[in-house]
Amino acid sequence: MKKLVYISGALFSSITVLSVLFKIMHLSGATILLYFGLIGFALIFIPAFAKYKYDKTE
C-alpha cells in the first residue's frame, strides 16, 4: 500500500504540474493531461493515502 501511495502521488502530481506548464505555453493536449492528473489524484491517490494512514494508526 505504501508503494502505491508514493508512486501514484508522484505520478499524478507530476502530470498535473506538467499539464499546467503546457497550459501556460499554450501547447496541445494540456487539457486532457490536466483532467487525467486531477481525476487520477482524486480517485486513486487520496483514497489510497487515506487507507494507508488509517491502517497505520491501528
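The values are calculated or read from the model by the stated rules, or taken from the named source; none is laboratory data. This is a predicted model, so every value here is computed, not measured. Backbone-built Cβ (ideal geometry, glycine too); neighbour counts: all protein chains shown.
Table: residues versus (1) assigned to a helix (DSSP H, G or I); (2) among the charged types (D, E, K, R); (3) modelled with pLDDT under 95.
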{"residue": "Y6", "(1), (2), (3)": "yes, no, yes"}
{"residue": "I15", "(1), (2), (3)": "yes, no, no"}
{"residue": "K23", "(1), (2), (3)": "yes, yes, no"}
{"residue": "I39", "(1), (2), (3)": "yes, no, no"}
{"residue": "A48", "(1), (2), (3)": "yes, no, yes"}
{"residue": "K56", "(1), (2), (3)": "yes, yes, yes"}
Next on the checklist: Take the conditions without any contact (Cβ under 8 Å) to a residue 40 or more places away in the chain, surrounded by 15 or more Cβ atoms within 10 Å (Cβ to Cβ) and in contact with a helix residue (DSSP H, G or I) (Cβ under 6 Å, 6 or more places away or on another chain) and apply them to F12. Does it pass?
Outcome noted: yes
Checklist entry - Tally time: how many residues in the stretch 35-51 are more than 8 Å from the chain's Cα centre (by Cα), closer than 17 Å to V17 by Cβ and not hydrophobic (A, V, I, L, M, F, W, C)? => result 1
